Amino acid sequence: MQTLILGIESSCDDTSAAVICDGVVLSNVTASQAVHMRYGGVVPELASRAHQQNIIPVVDKAIADAGITKEQLSAVAFTRGPGLLGSLLVGTSFAKGFALARGLKMVDVNHLQAHVSAHFIIEEGKQQPEFPFLCLLVSGGNSQILLVKDYTEMEIIGQTIDDAAGEAFDKCAKVMNLGYPGGPIVNKLANEGDPKAFTFAKPVIPNYDYSFSGLKTSFLYTLRDNLKTDPDFIEKHKADLCASLQSTVIDILMNKLIKAAKDLKITQIALAGGVSANTGLRDAFEKLHTNRGWTVFIPKFAYTTDNAAMVASAGYRRYQKGLFIDQSAAPFSRTII
């Protein structure tokens, strides 16, 4: 008998629903929220209101695109956290009501584990990582190295002690008035610039942990000092600034990942999270394969940002293990894996 999982993702500003059948994606629908662009960042109250407007049509379309009926579903998987609490409340409440009305089992999913679970989506010709493997999870809110022991067992062996890599991209882009979201704009400009044009601080942090606050400060001081003598400094050098910033962030991320892989003698390395769409970071992963012979796993662009296919994938694995949850489940804004 087929197992059909409806996945729901609402941790931040994207409302997404997907249907997976025995690990294979049948549909993946996402509604983004353009309202935040005018504010230069996500406004939590506006995000939760937009989720309320989007979630029913998004779920309806995901089920229709999958070519199934609601009666065929086996369970509902939903992002329980971490994320924006108001946004999570919308997804959690909908999942509860939908499951209760149809007598379906519910599976709660950790948002960070869901990003890793994008690699467990079954596709023809696609190789999946072998356990144990390392996963570099990089997003606007998280920068972590995970030791993935099983579909549902993941250990954080390194993480940022302050800011995340994606946050560094976004905030540096904001200082340069590049627009929102800043990460993709930095990536685009970096492809046109010289990554060695400027030198920024690289922190010395023990073990496999990260820090990006010092890099942001170094970047800010570079702008401040040069703007004193040239008011058009940013406009003249924005491509080189972005290339140098991106190169520094990638070096910081990769150096710790390589150290962890060597120490643990693991050669199966995966990438996940919103920043995994960064072309420079994807190229750095390809070099791990070319230069070191390691087996690398890079997600499709469709599975880099927040999406419900990864939630449904994680939910499917939890469903197989009987890891269900009842109607008392409440969302959470912060947690560790």
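The values are calculated or read from the model by the stated rules, or taken from the named source; none is laboratory data. These figures come from a predicted structure and were not determined experimentally. Positions of Cβ are backbone-derived with ideal geometry, glycine not excepted, and every protein chain shown enters the neighbour counts. These accessible areas exclude ligands, DNA and RNA; they are computed on the full protein's heavy atoms, side chains included. Shrake-Rupley method; radii C 1.70, N 1.55, O 1.52, S 1.80 Å.
Packing here is the average count of other Cβ atoms within 10 Å per residue, and on that basis the peptides 266-278, 5-17, highest first, run 5-17, 266-278.
Model label points for residue 197 and residue 227, set 7 angstrom from Cα along the Cα-to-Cβ axis, are 1.7 nm apart.
Helical runs (DSSP H, four residues minimum) scored at -39500 (n - 2.57) apiece and divided by the length of the chain put the mean residue ellipticity at 222 nm at -14000 deg cm²/dmol.
Taking Rg and Dmax of the Cα atoms in Å as calculated from this structure, the corresponding entry among (i) 20.4, 65; (ii) 19.3, 59; (iii) 20.4, 71 is (iii). Over the chain, with every protein chain in place, what whole percent of the accessible area is carbon and sulfur at 1.4 Å, could you tell me? Percent of accessible area from carbon and sulfur atoms in the chain: 51. When the listed pairs 171/238; 174/287; 96/149; 61/105; 238/300; 96/300 are checked against a 25 Å cut-off, the alpha-carbon distance exceeds it for 174/287; 96/149; 238/300; 96/300. Peptides 97-107, 82-92 ranked from most to least packed by the mean count of surrounding Cβ atoms within 10 Å: 82-92, 97-107.
For residue 130 and residue 53, what is the calculated FRET efficiency with R₀ set at 41 Å and r taken between the beta-carbons, to the nearest 0.05?
Values: r = 42 Å, r/R0 = 1.03.
After rounding, the FRET efficiency stands at 0.45.
Loop-resident GluC sites (Glu not before Pro) (DSSP state other than H, G, I, E or B) in segment 65-136 with no more than 15 further Cβ atoms inside 10 Å of their Cβ: 123, 124, 130. Averaged over residues, the count of other Cβ atoms within 10 Å places the peptides 297-308, 241-252 in the sequence 241-252, 297-308, highest first.
Accessible surface calculations at 1.4 Å, restricted to protein heavy atoms, place the chain at 44 Å² per residue. Which trypsin sites (Lys or Arg not before Pro) from segment 145-208 combine a DSSP loop assignment with at most 16 other Cβ atoms within 10 Å? For trypsin sites (Lys or Arg not before Pro) across segment 145-208 that sit outside H, G, I, E and B with at most 16 neighbouring Cβ atoms in 10 Å, the list reads 149, 196. Rounded to the nearest 20, the size of the Cβ-charge dipole of segment 180-323 about its Cα centre is 700 debye, with Lys and Arg at +1 and Asp and Glu at -1.
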